[in-house]
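Accompanying notes for the structure given below.
The values are calculated or read from the model by the stated rules, or taken from the named source; none is laboratory data. As the structure is a prediction and not an experimental result, all values here were calculated from the model. Because the Cβ atoms are built from the backbone with ideal geometry, glycine has one as well, and the counts that use them run over all protein chains shown.
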Amino acid sequence: MSNIIVLPILIPVLAGSLLILLVKKHRIQRFMSGLSAIATLVASLFLAVYIYTNDGIAALELGTWPAPFGIVMVADLLSVTVVVVTSLVGVCCLFFAFRTMHRERERYYFHPLFFFLITGVNGAALTGDLFNLFVFFEVMLLSSYALIVIGGTKFQLRESFKYTIINIFASMLFLAGIAYLYGITGTLNMAHIAERLDGLDEAGALPVVAIVFFIVFAMKGALFPLYFWLPRAYYGAPIAITALFGGLLTKVGVYAIIRTYTLIFTQDVAFTHHFLILLIAGFTMLLGVLGAVSSFDLKKILAYHIISQLGYIVIGIGLFTPLAMAGTIFYYFHHIFVKTSLLLFSGVVERITGTTDLKKTGGILKTHPSLAWLFLIPALSIAGIPPLSGFFGKFALVLESLQEASYLIAFVAMFVGLLTLFSMLKIFINAFWGEQKHTNKQAQTPIMDVLAPVLPLVFLTIIIGVGAQWSFGFSMEIAEQLLDPSIYIDSVLKE
Amino acid sequence: MRYSRSHDVMQRVLLITTSYFVLAYSLYFLFAGHNNPGGGFIGGLTTACALAFIYLVFDRDTANEYIRFTFPALISIGLVLSLGTGAIGFFANDNYLTQYFDYFEIPFFGEVELTTALPFDLGIYFVVVGAAMVIMLTIADDEKEENEN
């Protein structure tokens, strides 16, 4: 029965391989890929329900090789939720791409690469050993290298070159870090590593390894000071792809930080968590939002906001208390919904006006009111206005940092929230209010078909905000499971 | 990859003869892989080497007349074969990727061990041949386009 753990990885990878054959057949390809995306979502939901009703954690030993020796897949509450959200965002972005992507671009293996990307993200969430984490990272990154240049404009090629180089460098460091850890513990199975490091009196070389891993995941997750590649790299790609990347790719880096920093690197919490991560979180928030305030382009502002919001997510890991971790988890999912929907909406704005430069847009509220009001929901949510989801994530994080006497980080978080609100209003005022700057012909652009795929995400940011009692309780459950590594270890090693 | 445009007889004979040996070796690697060093990956790379020889001796268009594979399709078939073999576990109520094997009496060969690891390895073999050839031919095409410009 625990074979279903592998389904959210198996379905997309099978779909991707079959779609390679169909790359010239436009209609069948779309039909197949839509169907497989939905199948992935259904399988993920099925897995989530199964895990939630059965102890909240399950492990699968691939090929029946026993745990520390063979490859294990582990599904706990955090990873199944990541898988469900990934599959959902995948479905939304795919259906958005159907309406907006050029047929020419689809012919360059968009669909197979899309599914390999989903495979990588789901795999990274479900894997139980560090080396396979690396492998799934690579699966995800290799497809992202190809997706980000689809279309092949000069700008895309230049920016994706930097993206590729920095990620290859990070992967190299990742391998080095794995080698260090293997040298120290003699195993790569995460549960086994955690078991061997448990109760260690002296940290020894481990904080160094922890920092190597942190640098790796910070590069992939675009944290300070290694975020510079993100805004421009994401700017060039078609918007459905940018939204997918903005929603998922950087989050996988953060997921890896959450996983390794709760399970493995808990020896020197005062240094690695309370000092290092909090420091980085503060700078990431602040510099990310300053980048957003200083730009005047819709897509670029949103891309900078990805960075500053990642700072928020990381705060909770730095504070390392149950409530703060719950805040992090909550913020993590809130951010995926909100950021993906905002980026997709910016694609709709681009479709209407033909530009994302805020100086050349205006008055969309009059011609396309539905888009404007729908945009406002995630925009307010990301700025942290109750009762939308952003408020509860921020509230938990700020409250806990005050209780833990980290006043500075609480201050920075609130200040950044203010600037976020400012730049969201800047978008709203310049793009939606004011004089109509697009032509009357452009004002007739039908947009209902492209708004529809985004609706589930907007709906979810309202739901998890209004139903915060339930959704935050669920985050608390995930956080408590994370902060008790023995659950994970026992379930994998079956002791 | 620079195709040989000269009619160098020595080079031609040598490369064609070598490619036979390399191909034979690659199959040996593929089948030896289960219990000895070797396997789908190394076998695939060796096969790709042999195919690259053929592309080196003849130019691409001539070689394509003889090697009628669309290599991306080969990647796809290989992936499906490997993943599909692993999925037998789903139906047999075992873990995914579980290996099954048994001994069979086959005329002429005698007792042979047949395993599901073989189709899995064959899938890997296809993926590696496909990927290696796609990479080589794509890079070779770049040069061709540059020359035409």
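Details
- Matching residues, segment A:411-453, being assigned to a loop (DSSP other than H, G, I, E, B) and either of a type outside the set (Phe, Trp, Tyr) or in contact with a Cys (Cβ under 6 Å, 6 or more places away or on another chain) (or both): A:434, A:435, A:436, A:437, A:438, A:439, A:444, A:445, A:446, A:447
- Residue A:131 satisfies every condition listed in (1) over 22 Å from residue A:24 (Cβ atoms); (2) under 18 Å from the mean Cα position of the chain (by Cα) except (2).
- The helices (runs of 4 or more DSSP H) falling completely within segment A:344-410 that include 1 or more residues that are closer than 25 Å to residue A:273 by Cβ and out of contact with any Lys or Arg (no Cβ under 7 Å at 6 or more places or on another chain) map to A:389-403.
- Only one entry of A:275, A:271 meets the criterion of being without any contact (Cβ under 8 Å) to a residue 12 or more places away in the chain, surrounded by fewer than 24 Cβ atoms within 10 Å (Cβ to Cβ) and in a helix (DSSP H, G or I), and that entry is A:275.
- Number of the condition not met by residue A:442 [criteria: (1) surrounded by fewer than 15 Cβ atoms within 10 Å (Cβ to Cβ); (2) more than 26 Å from the chain's Cα centre (by Cα); (3) of a type outside the set (Val, Ile, Thr)]: (1)
- Test: residue in segment A:51-73 that is away from chain B (no Cβ under 14 Å) and farther than 22 Å from residue A:485 by Cα: no
- Verdict on residue A:463 being modelled with pLDDT of 90 or more, in contact with a Gly (Cβ under 7 Å, 6 or more places away or on another chain) and either surrounded by 16 or more Cβ atoms within 10 Å (Cβ to Cβ) or within 28 Å of residue A:240 (Cα to Cα) (or both): no
- Residue ID - farthest from residue B:136 (Cα to Cα), chosen from residues in segment B:13-61 that are modelled with pLDDT of 90 or more and surrounded by fewer than 16 Cβ atoms within 10 Å (Cβ to Cβ): B:28
- A single member of A:390, A:417, A:362 is surrounded by 19 or more Cβ atoms within 10 Å (Cβ to Cβ) and at positive phi, and it is A:362.
- Scan of segment A:114-135 for residues that are touching a residue at least 24 places away in the same chain (Cβ under 8 Å) and surrounded by fewer than 22 Cβ atoms within 10 Å (Cβ to Cβ), ordered by number: A:131, A:132, A:134
- Members of segment A:22-50 found to be surrounded by fewer than 16 Cβ atoms within 10 Å (Cβ to Cβ), in contact (Cβ under 8 Å) with a residue 60 or more places away in the chain and away from chain B (no Cβ under 14 Å), listed by number: A:26, A:34
- Scanning segment B:38-68 for residues that are without any contact (Cβ under 8 Å) to a residue 60 or more places away in the chain and closer than 28 Å to residue A:13 by Cβ turns up B:38, B:42, B:46, B:49, B:67, B:68.
- Taken over segment A:51-68, the criterion of being in contact (Cβ under 8 Å) with a residue 24 or more places away in the chain and on the phi < 0 side of the Ramachandran plot is satisfied by A:51, A:52, A:57, A:58, A:59, A:60, A:62, A:67, A:68.
- Wholly within segment A:199-250, helices (runs of 4 or more DSSP H) carrying at least 2 residues that are over 14 Å from residue A:160 (Cα atoms): A:206-220, A:239-244
- Output for segment A:51-63, where each listed residue is buried (at least 20 other Cβ atoms within 10 Å of the Cβ) and in a helix (DSSP H, G or I): A:51, A:62
- Residue count for segment A:1-15, restricted to those that are more than 8 Å from chain B (Cβ to nearest Cβ) and part of a helix (DSSP H, G or I): 8
- Spans of helices (runs of 4 or more DSSP H) in segment A:89-181 with at least 3 residues closer than 30 Å to residue A:489 by Cβ: A:110-126, A:130-148
- Those helices (runs of 4 or more DSSP H) of segment B:30-109 in which at least 2 residues are out of contact with any Lys or Arg (no Cβ under 9 Å at 6 or more places or on another chain) and within 11 Å of chain A (Cβ to nearest Cβ), considering only elements entirely within it, cover B:71-86, B:88-91.
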